[in-house]
1. Look through 62, 17, 53, 58 and report the one residue that is touching a Leu at 6+ places or on another chain (Cβ under 7 Å) and either surrounded by 14 or more Cβ atoms within 10 Å (Cβ to Cβ) or not in a helix (DSSP H, G or I) (or both).
2. Does residue 127 qualify as being surrounded by fewer than 18 Cβ atoms within 10 Å (Cβ to Cβ), more than 13 Å from the chain's Cα centre (by Cα) and aliphatic (A, V, I, L, M)?
3. Read through the list (1) part of a helix (DSSP H, G or I); (2) open to solvent by 90 Å² or more (accessible area, probe 1.4 Å), then give the number of the only condition that residue 102 fails.
4. For the range 105-124, which positions are open to solvent by 80 Å² or more (accessible area, probe 1.4 Å) and within 21 Å of residue 23 (Cα to Cα)?
5. Say whether the condition of being crowded, with 16+ Cβ neighbours inside 10 Å and either among the aromatic types (Phe, Trp, Tyr) or under 15 Å from the mean Cα position of the chain (by Cα) (or both) is met by at least one residue in the range 31-39.
6. Condition (residue is within 16 Å of ligand 1 (Cβ to nearest atom), under 21 Å from residue 109 (Cβ atoms) and surrounded by 14 or more Cβ atoms within 10 Å (Cβ to Cβ)) applied to the range 67-76: is it met by at least one residue?
7. Under the condition of being basic (Lys, Arg) and in contact with a His (Cβ under 7 Å, 6 or more places away or on another chain), which residue from the range 34-90 is nearest to ligand 2 (Cβ to nearest atom)?
8. Can you confirm whether the range 110-129 contains a residue that is within 13 Å of ligand 1 (Cβ to nearest atom), part of a helix (DSSP H, G or I), of a type in the set (Gly, Ala, Ser) and closer than 27 Å to residue 7 by Cα?
Amino acid sequence: MKGLTASKELLDLLNQAIAREIQVSVQYLWQHVQWVGVKGFAVKDELKKIAIAEMKHAEKIAERLVSLGGRPTTKPSPILVGENLKEMLETDRKDEEAAIVLYRKIVAVSRKEGDSVTERMFQEILADEEDHYSTFAGLLEDL
Ligand SMILES: [Fe+2]
Ligand SMILES: [Fe+2]
């Protein structure tokens, strides 16, 4: 069977998604490791859980990219750990917001190309990112 194909635009978008999944997965894990204050105790575990979820997203997207004939990037988007809990959470909330924008676009582009597998995959990942956004927004409110 001939391999699946996708547009250059979609392959590039998937690599942008991978770059940011690697970024946030390291970012959240380092925030988890570096956070020492008592106030951040509840946040600490949450950061680790979300870091692992982001790594799984990276794997899923990379698998899809490879089956579409692309090559996953190894380069993360710029990682920003932050100096204090408020700064960390504000950065993370912003990163989730950016993910939501990007993944809505990927859903739309894959729909346009008739790639329903990628479309459905990003709808699922998008739901996770919306959860992460609410988690970070909620934690910020409690600070
Ligand atoms: Fe993610
Ligand atoms: Fe996320």
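1. Just a single option satisfies the conditions, and that option is 17.
2. No, not satisfied.
3. (2)
4. 105, 123, 124 - these are the residues of the range 105-124 that are open to solvent by 80 Å² or more (accessible area, probe 1.4 Å) and within 21 Å of residue 23 (Cα to Cα).
5. Within the range 31-39, one or more residues are crowded, with 16+ Cβ neighbours inside 10 Å and either among the aromatic types (Phe, Trp, Tyr) or under 15 Å from the mean Cα position of the chain (by Cα) (or both).
6. yes
7. 48
8. Yes: the range 110-129 contains one or more residues that are within 13 Å of ligand 1 (Cβ to nearest atom), part of a helix (DSSP H, G or I), of a type in the set (Gly, Ala, Ser) and closer than 27 Å to residue 7 by Cα.
The values are calculated or read from the model by the stated rules, or taken from the named source; none is laboratory data. From a predicted model like this one, the values you see are computed outputs, not experimental measurements. All Cβ positions, even for glycine, are placed from backbone atoms using ideal geometry, and neighbour counts span all protein chains on display. These accessible areas exclude ligands, DNA and RNA; they are computed on the full protein's heavy atoms, side chains included. Shrake-Rupley method; radii C 1.70, N 1.55, O 1.52, S 1.80 Å.
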